[in-house]
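Novice: Below is one structure. I have some questions about it.
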There are 2 protein chains.
Amino acid sequence: MSAETVTIGEAARRSGVSAKMIRWYEETGLLPPATRSESGYRHYGEADLHTLRFVRRARDLGFSVEAIAELLALWHDRARPSASVKAIAEDQVADLRRRIAELEGMARTLERLADSCCGDSRPDCPILDDLAAGDAAPSPRRRRRPGLPTR
Amino acid sequence: MSAETVTIGEAARRSGVSAKMIRWYEETGLLPPATRSESGYRHYGEADLHTLRFVRRARDLGFSVEAIAELLALWHDRARPSASVKAIAEDQVADLRRRIAELEGMARTLERLADSCCGDSRPDCPILDDLAAGDAAPSPRRRRRPGLPTR
DNA sequence: TGTGGGGCTTCCCATCATGGGAAGGTCAAG
DNA sequence: CTTGACCTTCCCATGATGGGAAGCCCCACA
């Protein structure tokens, strides 16, 4: 019993991770190479599906693939300290909060500008005036530490 | 007077847009080709700098390059209806709000999980338990309409 | 047993906005 | 004239994802 395995398409359907991404996760080392049939088809068992769902859920929470690799390692380490997991989660929360604050700032500014624009057929527009004002604070564009699907 | 022009590095410093990005904006058609010196150096005048600052400010508000192209066109169109500008701004706000809500959902879930994890040296961890639960709602990963720096 | 259609394989390309860096030409100050 | 800072173009990488082509495989049905 339980030698039941499924092909990659079925694994994708059952895990919510696309076949493309399953292959990519394997290629980049997030997942170990799948077992193959004689003809080269990948096959996945229940444990593999469980792992795939874990990955999927972690992606849904915005974890980067790198963070997921750490989470998977901790998941498989029966001697893990839960503090390690918690630290990763709290980092992720901090990152999410930082990004939310950034987007919130943009949204508030834009809402204020949009509210002040009467939005009719006349050309006067406080939104364009603001953009053209050119008093942009020269904040350097930082590289974000990878993470969210950002879809 | 006012035939003063600067090179791309100086334009970058004065506008807050990197030289790399100025070239890229030109290449992709967001900006018209810069005038060149005999030896091929790009040169920028006050009007160009004004445009660059406009672009920079719009990027800071999360507009996609595509949206900025529309905003620039409206900016230069003295017969524009302000409603057109307002519509673009409101689309952007809606997009920002949607993404904020998404991140907020992740952050809340993760905070709840992190709070329930005692974070000590023992291996028991509700965070991993949740990830492993595999009850992930199979929400399809949509492609996001381009926009934010997302840094 | 032949065949058709759907699933699998690998490989390449695109996204979006950005930076890094190499190889080589230009310019201005000393 | 040299030196060093700047400019040019070109290629590559990022992160996670999808699209699509070319070709092989497998099963069900006639």
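Novice: Before we move on, is B:GLU46 over 21 Å from A:THR109 (Cα atoms) and touching a residue at least 40 places away in the same chain (Cβ under 8 Å)? Reasoning before the result, please.
Specialist: Working: over 21 Å from A:THR109 (Cα atoms): yes; touching a residue at least 40 places away in the same chain (Cβ under 8 Å): yes.
In short, yes.
Novice: Looking at the range A:1-28 only, could you name the residues that are assigned to a loop (DSSP other than H, G, I, E, B) and among the charged types (D, E, K, R)?
Specialist: Keep residues of the range A:1-28 that are assigned to a loop (DSSP other than H, G, I, E, B), which gives A:1-5, A:7, A:16-18, A:28.
A:GLU4 - this is the single residue of the range A:1-28 that is assigned to a loop (DSSP other than H, G, I, E, B) and among the charged types (D, E, K, R).
Novice: Evaluate the range A:26-46: report whether one residue or more is of a type in the set (S, T, N, Q), more than 11 Å from DNA strand D (Cβ to nearest atom) and over 22 Å from the mean Cα position of the chain (by Cα). Don't jump to the end; show me each part of the working.
Specialist: To start, the set of residues in the range A:26-46 that are of a type in the set (S, T, N, Q) comprises A:28, A:35, A:37, A:39.
Now restrict to residues that are more than 11 Å from DNA strand D (Cβ to nearest atom): A:35.
Still in the running and over 22 Å from the mean Cα position of the chain (by Cα): A:35.
Looking for residues that are of a type in the set (S, T, N, Q), more than 11 Å from DNA strand D (Cβ to nearest atom) and over 22 Å from the mean Cα position of the chain (by Cα), one finds at least one in the range A:26-46, hence yes.
Novice: On the given criteria, is A:HIS50 more than 16 Å from DNA strand C (Cβ to nearest atom) and either crowded, with 21+ Cβ neighbours inside 10 Å or not hydrophobic (A, V, I, L, M, F, W, C) (or both)? Can you show your working first?
Specialist: Numbers: more than 16 Å from DNA strand C (Cβ to nearest atom): yes; either crowded, with 21+ Cβ neighbours inside 10 Å or not hydrophobic (A, V, I, L, M, F, W, C) (or both): yes.
Yes; evaluated as a whole, the condition is true for this residue.
Novice: Within the range B:29-40, restricting attention to residues that are part of a loop (DSSP other than H, G, I, E, B) and more than 8 Å from DNA strand C (Cβ to nearest atom), which residue is farthest from the other protein chains (Cβ to nearest Cβ)? Step through it out loud before you land on a result.
Specialist: Of all residues in the range B:29-40, those part of a loop (DSSP other than H, G, I, E, B) come to B:29-34, B:37-40.
Still in the list and also more than 8 Å from DNA strand C (Cβ to nearest atom): B:29-34.
On the way: B:GLY29: 19, B:LEU30: 14, B:LEU31: 15, B:PRO32: 17, B:PRO33: 22, B:ALA34: 18 Å.
Among them, the one singled out is B:PRO33.
Novice: If I filter the range B:136-148 for residues that are modelled with pLDDT of 95 or more and buried (at least 19 other Cβ atoms within 10 Å of the Cβ), do I get at least one hit? Quick ask: steps written out before the conclusion?
Specialist: First, the residues of the range B:136-148 that are modelled with pLDDT of 95 or more: none.
Scanning the range B:136-148, I find no residue that is modelled with pLDDT of 95 or more and buried (at least 19 other Cβ atoms within 10 Å of the Cβ), so the answer is no.
Novice: Which members of the range B:85-126 meet the condition of being more than 7 Å from chain A (Cβ to nearest Cβ), among the small types (Gly, Ala, Ser) and under 20 Å from the mean Cα position of the chain (by Cα)?
Specialist: Keep residues of the range B:85-126 that are more than 7 Å from chain A (Cβ to nearest Cβ), which gives B:87-88, B:91, B:94-95, B:98, B:101-102, B:105, B:108, B:112, B:115-116, B:126.
Now drop any that are not among the small types (Gly, Ala, Ser), which leaves B:87, B:94, B:101, B:105, B:116.
Hits for the range B:85-126 are B:ALA87, B:ALA94, B:ALA101.
Novice: So in the range A:61-81, with the set limited to residues that are under 15 Å from A:ASP95 (Cα atoms) and in a loop (DSSP other than H, G, I, E, B), which one is farthest from the other protein chains (Cβ to nearest Cβ)?
Specialist: A:SER64
Novice: Continuing with the same structure: Based on what the data block shows, is B:ALA58 facing chain A (nearest Cβ under 9 Å), touching a Leu at 6+ places or on another chain (Cβ under 6 Å) and away from DNA strand D (no atom under 16 Å from the Cβ)?
Specialist: Working: facing chain A (nearest Cβ under 9 Å): yes; touching a Leu at 6+ places or on another chain (Cβ under 6 Å): yes; away from DNA strand D (no atom under 16 Å from the Cβ): yes.
Spelling it out, B:ALA58 is indeed facing chain A (nearest Cβ under 9 Å), touching a Leu at 6+ places or on another chain (Cβ under 6 Å) and away from DNA strand D (no atom under 16 Å from the Cβ).
Novice: Separate question: Looking at B:GLU4, is it more than 8 Å from DNA strand C (Cβ to nearest atom) and either surrounded by fewer than 16 Cβ atoms within 10 Å (Cβ to Cβ) or without any contact (Cβ under 8 Å) to a residue 60 or more places away in the chain (or both)?
Specialist: Yes; evaluated as a whole, the condition is true for this residue.
Novice: Now for a different question. Here are the criteria: (1) surrounded by 15 or more Cβ atoms within 10 Å (Cβ to Cβ); (2) in contact with an Asp or Glu (Cβ under 9 Å, 6 or more places away or on another chain). Tell me which single one A:GLU26 does not satisfy.
Specialist: With (1) surrounded by 15 or more Cβ atoms within 10 Å (Cβ to Cβ); (2) in contact with an Asp or Glu (Cβ under 9 Å, 6 or more places away or on another chain) applied to A:GLU26, the lone miss is (2).
Novice: While we're looking at this one, here's another question. What single numbered condition from (1) more than 7 Å from every other protein chain (Cβ to nearest Cβ); (2) at pLDDT 95 or above; (3) touching a Gly at 6+ places or on another chain (Cβ under 6 Å) fails to hold for A:HIS43?
Specialist: (3)
Novice: Considering only the range A:44-53, I want to know if a residue exists there that is more than 24 Å from B:GLU102 (Cα to Cα) and not in a helix (DSSP H, G or I).
Specialist: Checked against the condition, which is being more than 24 Å from B:GLU102 (Cα to Cα) and not in a helix (DSSP H, G or I), the range A:44-53 yields at least one hit.
The values are calculated or read from the model by the stated rules, or taken from the named source; none is laboratory data. Computed from a predicted model, the values in this text were never measured in an experiment. So basically every Cβ, Gly included, is an ideal-geometry build from the backbone, and we count neighbours across all protein chains shown.
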